[in-house]
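Please read the structure below before turning to the comments.
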Amino acid sequence: MKLLYKPVLLAFTLTTIMVAGCGEHSKSDSVAQKDEQTTSPPIATDVGKANGAATASIDDSMITTKVKAAIVAEPALSTMDIKVNTNDGVVTLSGTIDAPDKAYRAKQLAQTVDGVKTVNNELIVKSPS
């Protein structure tokens, strides 16, 4: 009986140590998860800010593209030298044009594009020579 007692005692001791070790491991994992959750929001916020800036840039380039397309699609304006620049939804039209009504029409078209907040019409009217 003594021969059987030592291996059983040894197995019981090892099992107890292993179970206790597993419990500690789980506890440290939950603490690590809690630490990650605590530090994650500032990182996510920084990424969100960078992502927001990239989105604004993409939106501005999309607005510029749509305004240019609207101007080119207009027969009276398609041959004009009209430059379009967009910054934070504010569209600036520049270049030369041959009649005031065409400058007005270019501004009207730009204002119809989704995402445009305001239009700065800096078109210069020059009579054709």
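The set of residues from the range 86-115 being in contact (Cβ under 8 Å) with a residue 40 or more places away in the chain and surrounded by fewer than 17 Cβ atoms within 10 Å (Cβ to Cβ) comprises THR112, ASP114, GLY115.
The set of residues in the range 110-122 being in a helix (DSSP H, G or I) and not small (Gly, Ala, Ser) consists of GLN111 alone. In the range 96-111, what residues are in contact with a helix residue (DSSP H, G or I) (Cβ under 7 Å, 6 or more places away or on another chain) and more than 11 Å from ILE82 (Cα to Cα)? Residues satisfying the conditions are LEU109, ALA110. Could you give me the residue pairs with C-beta distances under 7 Å whose first residue belongs to the range 67-85 and is without any contact (Cβ under 8 Å) to a residue 24 or more places away in the chain, whose second residue is of a type outside the set (S, T, N, Q) and part of a strand (DSSP E or B) wherever it lies, and which are 6+ apart or on separate chains? Matching pairs, first to second residue: LYS68/VAL84; ASP81/GLY95; LYS83/GLY95. Candidates in the range 65-103 are the residues that are in contact with a strand residue (DSSP E or B) (Cβ under 8 Å, 6 or more places away or on another chain) and among the hydroxyl-bearing types (Ser, Thr, Tyr); of these, the one that is nearest to SER127 (Cα to Cα) is THR96.
If the condition is being open to solvent by 60 Å² or more (accessible area, probe 1.4 Å) and among the hydroxyl-bearing types (Ser, Thr, Tyr), then the range 62-85 contributes THR65, THR79.
Condition check ((1) modelled with pLDDT of 95 or more; (2) in a helix (DSSP H, G or I); (3) not aliphatic (A, V, I, L, M)) across all residues:
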| position | (1), (2), (3) |
| --- | --- |
| ASP29 | no, yes, yes |
| GLN37 | no, yes, yes |
| ASP46 | no, yes, yes |
| ILE58 | no, yes, no |
| VAL84 | yes, no, no |
| LYS102 | no, yes, yes |
| GLN108 | yes, yes, yes |
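The values are calculated or read from the model by the stated rules, or taken from the named source; none is laboratory data. Just so it is clear, the structure is predicted and the values come from calculations on it, not from any experiment. For neighbour counting, all protein chains shown are included, and Cβ atoms are generated from backbone atoms with ideal geometry for every residue, glycine included. Note: accessible area is taken over every heavy atom of the protein model, side chains too, but ligands, DNA and RNA are not part of it. Shrake-Rupley method; radii C 1.70, N 1.55, O 1.52, S 1.80 Å.
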